[in-house]
Amino acid sequence: MGYTIAQKIIKEHLVCGEMTAGKEIGLKIDQTLTQDATGTMAYLQFEAMGIDRVKTELSVAYIDHNTLQAGFENADDHRYIQTVTKKHGIRFSRPGNGICHQVHLERFSRPGKTLIGSDSHTPTAGGIGMLGMGAGGLDVAVAMGGGTYYITMPKIIKINLIGRLSAYVGAKDVILEVLRLLGVKGGVGAVIEYSGEGVKTLSVPQRATITNMGAELGATSSVFPSDEVTKAFLRAEEREADWIELSPDADAEYDAEYTVDLSALQPLAACPHSPDNVKSVSELSGMKIDQVCIGSCTNSSLSDMLTVAAMLKGKTVHPDVSLSISPGSKQVYTMLAECGALADLINAGARILECACGPCIGMGFSPKSAGISLRTFNRNFLARSGTADAQVYLVSPETAAASAITGVFTDPTTLGNAPAVEMPTTFKINDNLIELPATAEESVSITVERGPNIKPIPVGNSPADNLKCELILKVGDDITTDHIMPAGTKVLPYRSNVPKLSEFCFTVCDKNFPERAKAKSGGVILGGANYGQGSSREHAALVPLYLGIKAVVAKSFARIHVANLINFGIVPMTLADPADYDRFTEGDQLEIQGFAAAVANATEATLINKTNGATAKLCLTLSVRQREMLLAGGCLNYTKNQK
């Protein structure tokens, strides 16, 4: 039996384990990336390991999330990251250079290599044939130190693309169609591989849009072949030497297969408040809108921006609509300026924001009260925009531009002939905002600067022999990391200050949770299906640890979040019978007898509801390594014990 693309990369990087779906495997990681909302904590953890220099082929720290500097906190964190990376052998992408995934795709991603990043949309690099995976910052720190990255060997789901996209239909519509087919849980435990004749019709930026939102499927990663289209992109970036051909073997086998006919697709939109709540734009036509945001790591490439500029040229944004545009990188921004497209955007009334994540993470440009916002982003979770009652729709740049002009939801295919957009064959290369690290000899004299907002990392404890505590919070299905640890202008500046950050934990669900958790000295959280979906932010585990959470029981977990819980010593357990969820109420007194022993070597435990006498069987699906980490109180203690 032959290998798929992902299996070939995994085989080449396999350190331990067997390539059987569902088994734990360890991988050698070639590259890492961080962004500033997660990077401060990752580098504090790297420093705690006592390793002088990173051992990866390449590690890059990007500043793209916390760029709104309304106080000293973000600027202090940026200086910390700048100095700690210079000292330890990591490249530093300065504020203004662009969004991590867009810049990494342009300048560093390589077919056939492995990449993990402390951001869930790291699979964007799959658009170039790289196995990119989102991870918690602690996992990234371990990989930078030369450690192995552990995942469950994924299933492989094949998406066969046929046909060619019609005018005004974009790559965003492709991934929205896949989300409509599979749902936000459909990729859990899998890598999504794209193949078929339709692949050749898609550019690398289009492919990257599709792999970017594989995160919304819950997938471990998504990947395209590396072919002549890939080679042309790398040539345009003056990186042709990085190209290798990479495709699945003819006799490769897949766990599931689906077909998407590109020529049959129409413009689509993900409706509030989930990326898989997909409808056709024609169904929504005529709905009045208030805001349009174009950009993010999903749709901020040069081709996206040139398409929008061509649609807006000579027109004016509707007076009831506020339009923002965020180019994905300095390279994109510069080329827009030099070709005149930037002037077309400005003249149309677009508000040009910096090359950063911005509105995607609620960092400015929030909609008005109950406003309807069309965004080319990847997530439309409740309150993520910064406005609690906003209605956020995810759309393509084509739909966004058309609607910005008309002031209502507009199907761009109704506008007549699409304007011609000609892509350059070479890109503007200028890496002057990427700082190289100091040499090993020079690093001795570098002082790492730490601002007063940087606080020590909470460290977990070994599990108690018998767990006795309260059910401190009960939540439903599809709880996201935005529910657990919100983003936005009020919260993100405290990502390196866990005590302050704890004041916001779960406040989207229950405004009194932080205060109650402190008063009760923590407890257990009960969740529904797909608990912890969304971003890779380890703060969604780190802050509950600080608040005293000992365990999380759920119907099922998202991949990255369950790894983060284990990394920080919080025990994740699933209900053997999901119906038992209804037998527990917030405030119930709970007990698990022989808790530490169960963590050590059992696959099941019994949760006793001391308040009403009910019991539930819990499953502990843990590897030997994960059990050892939990018994040590988390990965940091475990790593120190290994020395």
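Bear in mind that the values in this text are calculations on the coordinates, not laboratory data. Predicted, not measured: the structure shown is a model, and the values here were computed from it. Methodologically, a virtual Cβ is constructed for each residue, glycine included, from the backbone with ideal geometry; neighbour enumeration extends over all protein chains shown.
Partner lysines whose Cα lies under 26 Å from the Cα of LYS8, excluding those fewer than 8 positions away in the same chain, are identified as LYS23, LYS28, LYS55, LYS113, LYS155, LYS158, LYS185, LYS200, LYS231.
If R0 is taken as 25 Å, the Cβ-Cβ distance between ILE244 and ASN432 corresponds to a FRET efficiency of 0.30. When DSSP beta bridges are restricted to pairs lying wholly in segment 5-264, around 20% turn out antiparallel. At q = 0.08 Å⁻¹, what is the base-10 log of I(q)/I(0) for segment 5-264 according to the Debye formula with one equal point scatterer per Cα and no solvent? Please give it to two decimals. So the normalised log intensities work out to -0.31. Taking segment 162-189 and a reference point 7 angstrom along Cα→Cβ of GLU283, the backbone N atoms nearer than 13 Å belong to 177, 180-181. Note on THR621 and GLU515: the model spin-label points, each 7 Å out from Cα along the C-beta direction, lie 3.8 nm apart. Computed over segment 467-642, the convex hull of the alpha-carbon atoms projects to a mean area of 9.3 nm².
In the chain, the DSSP beta bridges split such that about 35 percent are antiparallel, to the nearest 5.
Computed from backbone phi, the HN-Hα couplings of segment 208-220 come to 5, 4, 5, 5, 3, 8, x, 4, 6, 7, x, 6, 5 Hz, rounded to whole numbers (Karplus: 6.51 cos²θ - 1.76 cosθ + 1.60, θ = phi - 60°; Gly and Pro given as x). Considering helices alone, the calculated mean residue ellipticity of the chain at 222 nm is -8000 deg cm²/dmol, with DSSP H runs of length four and up weighted by -39500 (n - 2.57) and normalised per residue. Seen from VAL624, the other residues with C-beta closer than 13 Å to its C-beta sum to a net charge of +1, counting Lys and Arg as +1 and Asp and Glu as -1. Derived from the Cα gyration tensor, the three semi-axes of the equivalent ellipsoid of segment 284-412 are 21, 17, 11 Å, largest first. Charge tally for GLU591 (other residues, Cβ to Cβ under 9 Å; Lys, Arg +1; Asp, Glu -1): +2. In a reduced charge model with +1 at each Lys and Arg Cβ and -1 at each Asp and Glu Cβ, segment 467-642 shows a dipole moment near 520 debye about its Cα centre. Computed about its Cα centre, the charge dipole of segment 284-412 is approximately 160 debye, with only Lys, Arg, Asp and Glu carrying charge at their Cβ.
As a proxy for reagent exposure, ranking ARG207, ARG107, ARG559 by other Cβ atoms within 10 Å from fewest up yields ARG107, ARG559, ARG207. Each Lys and Arg Cβ is given +1 and each Asp and Glu Cβ -1; about its Cα centre, the chain then shows a dipole of about 1120 debye. Within the shell defined by Cβ-Cβ distances under 11 Å, the residues around GLY183 carry a net charge of -1, with Lys and Arg each +1 and Asp and Glu each -1.
Near LYS511, which lysines are there with a Cα under 21 Å away, not counting those fewer than 8 places off in the same chain? Straight-distance partners of LYS511: LYS474, LYS490, LYS500, LYS520, LYS550.
For segment 235-314 and segment 425-452, compute the distance between their C-alpha centroids and round to whole Å. After rounding, the separation between the Cα centres reads 33 Å.
Nearest 5 percent is fine: what portion of the DSSP beta bridges confined to segment 284-412 is antiparallel? Counting only bridges with both partners in segment 284-412, antiparallel ones make up about 5 percent.
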